[in-house]
Every structure is written in C-alpha cells, then in structure tokens.
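Nothing in this text is a laboratory measurement; each read-out follows from the coordinates by a stated rule. Remember, it's a predicted structure, so these values are computed and weren't measured experimentally. We place every Cβ from the backbone using ideal geometry, glycine too, and count neighbours over all the protein chains shown.
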Amino acid sequence: MRLPIPAMVIGLSLASGGVAHATDLDVLVKGAKLHSANGLASDGLGHLYAASVFGNEIVKIRELDGKILSRRGMADGVQFPDDLTLGPDGSIYWTSLLVGQVGRRKPNGVTSFQSVAPGVNPITFSNGHRLFTALAFLGDALYELSPTFSAPPRLITTNLGFVNGMDWGPDGRLYGPVSLGKEIISIDVDSCENATDPYNECDITLIADDFFQVSALKFDAFGRLFAVDINGDVLRINVATGAKSVVARLPLGNDNLTFDSWGRVVVSNGYDGTITRINYNGSRTILVPGGAIVPSGVAVLADGCDESVFVGDFIKLRTFDGDTGKQTAFAPTLAGVPGALPPSITASRDGDHILTTAWYGNSVAVWDPAAEAVVETYPGYVQPLNAIKFQGHLVVAEYGAAPGAARVILQVGATRITLTDTLAVPTGLAAAGDDLWAADWSSGTVWQLIDDGVHLASPLLVAYGLSNPEGLAVDLDGTLLVVEAGAGRLSRIDPDTGVVWTVVSGLSPGLPAPAATPPSYFFSGVDVGPSGTIYFSNDASSRVYRLTD
C-alpha cells in the first residue's frame, strides 16, 4: 500500500476575520450574518430575538439599528431552533425542529428541556399564559405544555394539516396556517374531545384561504391579524371576512414576523437570513442584511472566458459571476411545488448541468440552469453527503440510516454497486479520467477507489492526518485540492506521493453538527474553473473565496 509522506508547507493565510494576506486570494461572496432567520419575538424593551435554525443559535438584536448583541448557540443547548416565544417571566422558549424538544432559558440563565416529538415547530403563549406548540412537516399534532415543563406534553389533536407559525387571538382562540400554508384556521383548544382519535371533533373555523404558502401569523397590540407568505407578501387579514390586503412585498422566503417595541412589523427571511422592518410610511429598513446562509458545495461552469460559480445553499442553489461575485441567478427549493429543486447542499458539474445532494430530504438531483428545471432525480439514497458523475455514471457518498451504514456507490443504469463501505463518513468525491477518489471526514483520510478504470478491491490510502476533509477536487496539474473543515484550511495533495501541504489557512472551522444530523452537517466545497481559478466555500463564515495564480 502506498503511504503518504507527512509534510505541511504553509501557503496563504487568512486572519480570523477572513481578510486575505495575499493579492491572489479574495472574498468572492460575503454571505449573511445569520445562517437563516426564522422565529422572531420582541421583548418590548428595544430588543428582538431571532431563531436561526441552521446556525443553531438564538440571536439578540437591537431594534434601533440591527446590531447583534449576543448569540446563544449549541454550548447553551440551542439546536435547530425553528421558532421562539418569550414567557411572562422573561424566559425564552424555543422549538428544536429535528431534535424534537422545546427548550427554555430563564432570565437567570438556567436552561431546561422537554421532549415532544421530531418536527416540533411553532410555539406561542395564550393571553392566560398557557403554552402551546405543534408539529409541522415531520409530524402533525397540537400540544399544550406546562410552562415549567412540570408535566408531560398534553396532546390536543392531530391531523390539523401541519400548523406552522401560530398565535393566540384576542377572541381566545388559537390561529395558525395549515395545509402547507394554503389556509388559515382558528381552533378552540378546549373543544377537542378525543386527542388520539384521528377524527377528533374540534371547533375549527376557516379564516382565509388561497394563499401561496403562509409560514407564520401574529396579532398586533390592536388585535389586527398579520401574516407572511413565503412568496414575499406581508399581509393583513380581516378575521371576520377573510379579506386580505398586502402591506408589503419582500423577496422570496418570508419565514416569521413580530412587532417591535413601537408596533412596527418586522419580518425574517429563512432563505437569506435578512431581517426587515416595515416602517409606518411603508418604507423598509433592513436591520440584518442577508445573503448566502450556508454556502456549501461549489461547481464551476464556463462560457468562453466567463465562469459561473454554482453554490449549494440548502434552500437555494445560487449562481455567482466568477469575476465580480454578483449573484446572477438562483434556484429555490420550494416545498410542495412540482418540479422545484430539492434541498441542495453539495454541487458538482455534470456537463452543462449541476448535480446536487442533501442529506435532509435524501435528495440527489440534476439541475439544468438553462432550462431552469430539474432534469433527473435519483430516489432511494439515504442521507447522501455528496455526488459526482464519473465516466457518465453517478457516484454517491451515502451516510446511510445509521452509523456504520455508510458507503460509496456507483450507479450504472438501475444497478447500484458498492465501491466501498469502509469509510465512516464519506464526504469529498473527485474524479479525473479513469481515477476516482473519496474522502473520509471521520478518519481524516483520502482514498483512491478506482485506478485507471479498475475498481480496487481494497481502497488505496492516498493521504491521512487531515482534519475533517469535505470538498475534494482535481486541479489542472493533477493534484487534489481538499477543504479541511475541522482546521479551517484549503490543502493540496500529491496523489502519487501522498505529500500534503497547506494552500490557505486561517479560515473558520466548519459549522458543528447538532444532534440528528450527519457529523459533517453542512459542507465546505471546492472546484477549479477552466481558467485555473480555484473557488472554495466556508459554511461557517458564509463566504466563497477565489484563488488565482
């Protein structure tokens, strides 16, 4: 077996803020301050609280100017916070979507949790300080919780149609969007007779319908109902008649809303992390600017001398100009919309198309940028962490349903061939000619799986000692480029000798993984354009870098 020669040669370096110390390295794309902006609440004292589901944090923001004052993250027990609310004693409550818990942080810093079920999503208090939460998308149920978590969750009813961002109405009823946001209903939570009966009789009233996809609603201090639609509309709804009026039209991706200490509507955007205030005169103030939220896989397509950089950003597949960094296009992943692109974390070239994967949703799909359409899908993969095309065939790095089930698969027609099942967390994939390599995030190694067209019965160790390798690409000179997410660096590997040396260091380490996700979580990718320019991403800093000769 060929063993690599340990070697590290320091190349370019970045300071902690990501400032380049070399003229040939620059930031092509500077993304959002938040890795998505989701649930919102105001304390009425000049502060907003925002949940960032992908950032695994709750952020305190000054309402006056949008300054971020504090971040509470995984060290504080915050994982996948989708929605939040403030309790009468000042406690912050949040829902952990994939973990299935509701968390509570008291004003004195004491934190506690109550398990509900995966998919726990919206959360709100009644006027009488009763606490309600619901499952959405990963389940469908409505619960009442003890605000002190002193009693088990009380199931109220099931099969409402995925209640999302909900609020208590001045009439003593609970209001929320259902049926993937197509309708808004109100429910008398004390009218449900048999919670375990799927045909449970509850007093439910249809308030309004024919929306695109309402994600959340709230009542203001005057008892007026406002809602945000994912298509960008901010709406006021007449509860008595169901009539709708558009208060503002924002970019695609509205997620939640609240009212600041002066009663102005504030809206979060889950697609780009923006938080926007709608002023009394109808103008808008961006409190927290947005952009790419978790830039991950990178793929470059060229048209002559012009290079387009495609970046998987989970909720969007974004396209950037390789010279200016300007976003030129995006493909949103819209739930429930036929033909829409599935969630996209990784991205790789497939001729003139882009191949994407995401472990969430088990998606492997091919996007045609010219037609703006999905042209191929590959069902049946379980938590795919990456995919590329090799000799016209699909290669997938699959994490699997449980630890120990990971493998790298070659799909030829309908036949799926396991190339190896010895990598614990297969992430990076790269190919050149008749050679194929794969990286193992867990062991910090890179392996050759196919050599000169021959599938190796035992993978050949090419490099070791890497720190959580993710993105892998073949440079024009035949060396391998690898993003070491654990160390925050871009390295180069000589595949013939195993020599490893640093190209760029000082990047932010990759985002840490919360519970219920693969350990690699998101992805920092790399690709090389025909010009020889190297493009690579850093999911933690929400940046895409460009390295030229």
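Averaging sequence separations of C-alpha pairs under 8 Å and six or more residues apart, then dividing by the length of the range 40-288, give the relative contact order as a whole percent. Walk me through the intermediate numbers first.
Numbers: 699 pairs, mean separation 28.4, N = 249.
Computed value for the range 40-288: 11 percent relative contact order.
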With log10 I(q)/I(0) by the Debye sum over Cα atoms at q = 0.07 Å⁻¹ in mind, check (1) -0.48; (2) -0.41; (3) -0.61 and report the label derived from this structure. (2)
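Report the relative contact order of the chain, percent, no decimals, based on alpha-carbon pairs under 8 angstrom and at least 6 residues apart. The partial results should precede the final answer.
On the way: 1658 pairs, mean separation 68.5, N = 549.
In percent, rounded to a whole number, it is 12.
How big is D for the range 40-79, in µm² s⁻¹ as a whole number, if Stokes-Einstein is applied with the Kirkwood radius of its Cα pairs at 20 °C and 1.002 mPa s? Please list the in-between numbers first.
Details: Rh = 10.2 Å.
The estimated diffusion coefficient comes to 210 µm²/s.
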Given the options VAL294, LEU472, GLY532, identify the residue whose Cα lies farthest towards the positive end of the charge dipole of the chain (+1 on Cβ of Lys, Arg; -1 on Cβ of Asp, Glu). VAL294
For GLY339, net neighbour charge (Lys/Arg +1, Asp/Glu -1) across residues whose Cβ lies under 15 Å away: -3
Difference of contour (0.36 nm per residue) and Cα-Cα distance, SER70 to ARG130: 18.8 nm
Likely footprinting exposure, VAL214, VAL395, fewest C-beta neighbours within 10 Å first: VAL395, VAL214
Long-range amide H partners of LEU341 with built H, under 5 Å: LEU334
For GLU183, GLU372, which order do you get if you count the other beta carbons within 10 Å of each Cβ and list the fewest first? GLU372, GLU183
If each K or R counts +1 and each D or E counts -1, the residues other than VAL382 whose Cβ falls under 11 Å of its Cβ total 0
Among LEU317, GLY304, PRO343, whose Cα lies farthest out toward the positive end of the dipole of the range 302-343, if unit charges sit on the beta carbon of Lys, Arg (+1) and Asp, Glu (-1)? PRO343
³J(HN,Hα) across the range 327-333 via Karplus (A = 6.51, B = -1.76, C = 1.60, θ = phi - 60°), whole Hz, x for Gly/Pro? 6, 9, 6, 7, 10, x, 9
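Provide the net charge surrounding ASP435, with neighbours chosen by a C-beta distance below 9 Å and charges set as Lys +1, Arg +1, Asp -1, Glu -1.
Working: positive: none; negative: ASP434, ASP451, ASP452.
Summing Lys/Arg as +1 and Asp/Glu as -1 gives -3.
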Using each residue's phi in the range 496-503, evaluate 6.51 cos²θ - 1.76 cosθ + 1.60 at θ = phi - 60° and report the 3J(HN,Hα) Karplus result to the nearest Hz, with x for Gly and Pro. 8, 10, x, 5, 10, 9, 7, 9
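Taking neighbour counts of Cβ atoms within 10 Å as a proxy for exposure, in what order, fewest first, do VAL499, VAL298, VAL120, VAL29 appear? Walk me through the intermediate numbers first.
On the way: VAL499 17, VAL298 28, VAL120 31, VAL29 23.
Fewest to most other Cβ atoms nearby, the residues stand as VAL499, VAL29, VAL298, VAL120.
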I need the shape label for the range 40-288. Rule: rounded when a/c is under 1.5, else prolate if a/b > b/c, else oblate, with a, b, c from the alpha carbon gyration tensor. oblate
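When the dipole is taken about the Cα centre of the range 40-288, and only Lys, Arg (+1) and Asp, Glu (-1) are charged at their Cβ, what size is it in debye, to the nearest 20?
Working: 20 positive and 27 negative charges, 199 e Å.
Magnitude of the dipole: close to 960 debye.
Sorted by mean Cβ packing within 10 Å, highest first, what order do the peptides 273-286, 252-265 take?
Order by mean packing, descending: 252-265, 273-286.
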Once the dipole of the range 19-164 is set up with Lys and Arg at +1 and Asp and Glu at -1 on Cβ about the Cα centre, which of THR157, GLY109, GLY139 lies farthest towards its positive end? GLY109
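Would you mind checking LYS218/LYS326; LYS33/LYS106; LYS106/LYS218; LYS67/LYS182; LYS67/LYS316 for any pair whose Cα atoms are more than 29 angstrom apart? Walk me through the intermediate numbers first.
Values: LYS218/LYS326 35 Å; LYS33/LYS106 26 Å; LYS106/LYS218 24 Å; LYS67/LYS182 35 Å; LYS67/LYS316 26 Å.
With Cα atoms farther than 29 Å apart: LYS218/LYS326; LYS67/LYS182.
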For the range 74-146: rounded, prolate or oblate by the Cα gyration tensor [a/c cutoff 1.5]: oblate
Mind checking the full-extension length gain between ALA302 and ALA371? Use 0.36 nm per residue of separation minus the Cα-Cα distance, one decimal, nm. 23.2 nm
Grab the beta carbon distance between ALA405 and ASP496, set R0 = 25 Å, and tell me the FRET efficiency rounded to 0.05. 0.15
Inter-part gap, Cα centre of the range 332-403 to Cα centre of the range 494-549, in whole angstrom, is 20
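Taking square-rooted eigenvalues a ≥ b ≥ c of the alpha carbon gyration tensor, is the range 418-496 rounded, prolate or oblate, where a/c under 1.5 means rounded and, failing that, a/b exceeding b/c means prolate? Please list the in-between numbers first.
Details: a/c = 2.10, a/b = 1.22, b/c = 1.72.
Judged from the Cα gyration tensor, the range 418-496 comes out oblate (a/c at least 1.5, b/c at or above a/b).
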Simple Cβ-charge dipole of the chain, Lys/Arg +1 and Asp/Glu -1, about Cα centre, in debye nearest 20: 1560
